[in-house]
Amino acid sequence: MTTTLISHDDCGLHNMGPEHPESPIRLMAIHKVLEKTGLISHLDRMQSVHVTSDQIALAHACLHEKRLLMKQPKEGVIYADEDTALCPQSLHAASLAAGSAILATNRVLAGKSTNAFCAVRPPGHHAEHNTPMGFCFYNNVAIGAMQALQNDNIHRVAILDFDVHHCNGTVDIFKDKPEVLVCSTFQHPFYPERYADIQRDNILNCPMPAHSDSLFFRNLVEKNWLPALQAHKPDMIFISAGFDAHHEDPMADINLDEEDYRWVTKLILDVARTYSQGRVVSVLEGGYNPVALAFSVEAHLETLLGY
């Protein structure tokens, strides 16, 4: 299999301050581990590209980008909400993150890669149709999924989110689009406390109580995600790959480890081979212990490569 890794050093220019958990250190740790283990040499590496306004508008309100640009400071930091700050380079980084999802989607659809992983920040799955929140400005995976649906051969997609926080933004964007199946596991009750109880045939919320373990997570995915995916038969699969359900992550209380991420990635690839011609695009979301994040991403990438 050919796995493309898409990233850009400028994603590190988005900096919300030394105490903020969504830090440039996250990507630095990932790249350091991939280089130290030698895994980086087995990946098809590409630089991120910028998203266009038309591509942002596939998933967001027409004025969403302009409102963000009006908030971006020339110096210092301004908060879009209590968790989400903009510095002068924030939207430059956010544009590269969203553009990476477009690039990954187009590359996989063209058959140049079997699958792709976007090691980018800021993350995206909390960004709603018209609202930035939860460290997120543009919903990267939603923009990628909408790009895929512009292709004549793609009629149904699935977005699978194993971040510890619920993907409220992705649900908001796709809640009335039956061609997009959104499956998510997340700690509950917990941030963001939006859309966790929504009732839609294409939205599958799988809440986990605090301190849930590997067995609980795996059973939840097998019993819920698999039947939904078998019924939906997606032509392409997108992953919101958040690694903050790791037991060493400081932001939550779920007890997963690298082997759980390896397991769920293999399950997703098996489904993709059955229904989606193997087409998978994965985009980084959360993960706030840099060491746990880096080794979890390594396990995820090894599995995408077929190791």
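Where residues in segment 169-187 are assigned to a loop (DSSP other than H, G, I, E, B) and among the acidic types (Asp, Glu), which of them is nearest to PRO234 (Cα to Cα)?
Among those residues, the one meeting the criterion is GLU179.
Give the residues of segment 114-149 that are among the polar types (S, T, N, Q), assigned to a loop (DSSP other than H, G, I, E, B) and in contact with a strand residue (DSSP E or B) (Cβ under 9 Å, 6 or more places away or on another chain), sorted by residue number.
THR114, ASN139
Yes or no: segment 68-76 includes at least one residue that is within 18 Å of the chain's Cα centre (by Cα), in a loop (DSSP other than H, G, I, E, B) and buried (at least 16 other Cβ atoms within 10 Å of the Cβ).
Among the residues of segment 68-76, not one is within 18 Å of the chain's Cα centre (by Cα), in a loop (DSSP other than H, G, I, E, B) and buried (at least 16 other Cβ atoms within 10 Å of the Cβ), which makes the answer no.
If GLN199 meets every condition in (1) within 27 Å of TYR275 (Cβ to Cβ); (2) of a type in the set (S, T, N, Q); (3) within 17 Å of the chain's Cα centre (by Cα) apart from one, which number is that one?
So GLN199 meets the others, but not (3).
Can you tell which of ALA299, ALA294, ALA252 is in a loop (DSSP other than H, G, I, E, B) and either surrounded by 24 or more Cβ atoms within 10 Å (Cβ to Cβ) or small (Gly, Ala, Ser) (or both)?
ALA252
Within segment 14-26, how many residues turn out to be hydrophobic (A, V, I, L, M, F, W, C) and over 19 Å from the mean Cα position of the chain (by Cα)?
Result for segment 14-26: 1.
Can you find, within segment 53-64, the residue that is nearest to THR170 (Cα to Cα) among those that are in contact (Cβ under 8 Å) with a residue 24 or more places away in the chain and not hydrophobic (A, V, I, L, M, F, W, C)?
HIS60
Hey, any hits in segment 34-48 for a residue that's farther than 24 Å from ALA241 by Cβ, among the aliphatic types (A, V, I, L, M) and out of contact with any helix residue (DSSP H, G or I) (no Cβ under 6 Å at 6 or more places or on another chain)?
no
Looking at ALA241, ALA228, can you tell me which residue is touching a Phe, Trp or Tyr at 6+ places or on another chain (Cβ under 8 Å), at pLDDT 95 or above and aliphatic (A, V, I, L, M)?
From the options ALA241, ALA228, the qualifying one is ALA241.
The rows are residues; the columns are (1) over 19 Å from ILE268 (Cα atoms); (2) at pLDDT below 95; (3) not hydroxyl-bearing (Ser, Thr, Tyr).
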site	(1), (2), (3)
GLU82	yes, yes, yes
SER95	yes, no, no
ILE102	yes, no, yes
LYS112	yes, no, yes
ALA142	no, no, yes
ASP161	no, no, yes
VAL164	no, no, yes
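Can you tell me which of (1) farther than 21 Å from PHE190 by Cα; (2) surrounded by 21 or more Cβ atoms within 10 Å (Cβ to Cβ) is the one HIS246 doesn't meet?
(1)
The values are calculated or read from the model by the stated rules, or taken from the named source; none is laboratory data. Quick caveat: nothing in here was measured; it's all calculated off a predicted structure. With ideal geometry, Cβ positions are generated from the backbone for all residues, glycine too; neighbour counts draw on all protein chains shown.
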